[in-house]
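Here is the structure we will look at, set down as structure tokens.
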Amino acid sequence: MAIAGMPEQMSELGCDNVLWDSIPMGAQRDIKRFLGTGKEDLARRRIATMKEILQFADEPPNGTFDRAKWDQTMSSWEANETKKLEMAKAKAKAERMGKAKAKAAREAAEAEKGAQ
């Protein structure tokens, strides 16, 4: 199912034949396009994302692309990404609230000091 073989540069970017044959053809096309237009950084990031997604698979990649397994793996990865985003937002909110409380306490202390 893989399209016209893996480009030679792929091994330099951390991709082997098993990984290459385990990712969707659309991702393979994108990576080939990135490499063909000199956008190696985009290719490297796309490969890293594909590796990250495959970490959520029930079994390790075997060099055969399976749409149903890919879709299930993608769903797991997306749920994890959503959870990480929610946690980052909650952390940022807590930090803002902490800063606001500290500012309010400082202002109250300054007001009390000025009233004396």
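In this structure the chain gives 71 Å² per residue of accessible area when probed at 1.4 Å with all protein chains present. Restricting the calculation to alpha carbons of segment 6-116 gives Rg and Dmax of 23.5, 77 angstrom. For the peptides 51-64, 83-96, the ranking by packing is 51-64, 83-96, with the highest mean count of neighbouring Cβ atoms within 10 Å listed first. Backbone phi angles across segment 82-93, fed through the Karplus curve with coefficients 6.51, -1.76 and 1.60 (θ = phi - 60°), yield HN-Hα couplings of 4, 5, 5, 5, 4, 5, 5, 5, 5, 5, 4, 5 Hz in residue order; Gly and Pro are listed as x. Scalar couplings 3J(HN,Hα) for segment 106-116, obtained by applying the Karplus form with A = 6.51, B = -1.76, C = 1.60 to θ = phi - 60°, are 4, 5, 5, 5, 5, 5, 5, 5, x, 6, 7 Hz; x denotes Gly and Pro. Which one of ALA100, GLN9, ILE23 has its Cα pushed farthest toward the positive end of the charge dipole of the chain, where Lys and Arg give +1 and Asp and Glu give -1 at the Cβ? Going by the Cα projections, it comes out as ALA100. Label-to-label distance for LEU85 and GLN72 is 2.5 nm, based on points extended 7 Å past Cα in the beta-carbon direction. Could you tell me how many degrees, from 0 to 90 and to the nearest 10, lie between the Cα long axis of helix 40-54 and the main elongation axis, the longest principal axis, of the Cα atoms of the chain? Around 90 degrees separate the two axes.
Of the accessible area of the chain, computed with a 1.4 Å probe over protein heavy atoms only, carbon and sulfur atoms account for 53 percent.
The values are calculated or read from the model by the stated rules, or taken from the named source; none is laboratory data. Since the model is a prediction, treat every value here as computed from it, not as a measurement. Quick reminder, even Gly has a Cβ in these numbers, built from the backbone with ideal geometry, and neighbours come from all protein chains shown. Accessible surface is based on the protein model in full, side chains and every heavy atom, while ligands, DNA and RNA are left aside. Shrake-Rupley method; radii C 1.70, N 1.55, O 1.52, S 1.80 Å.
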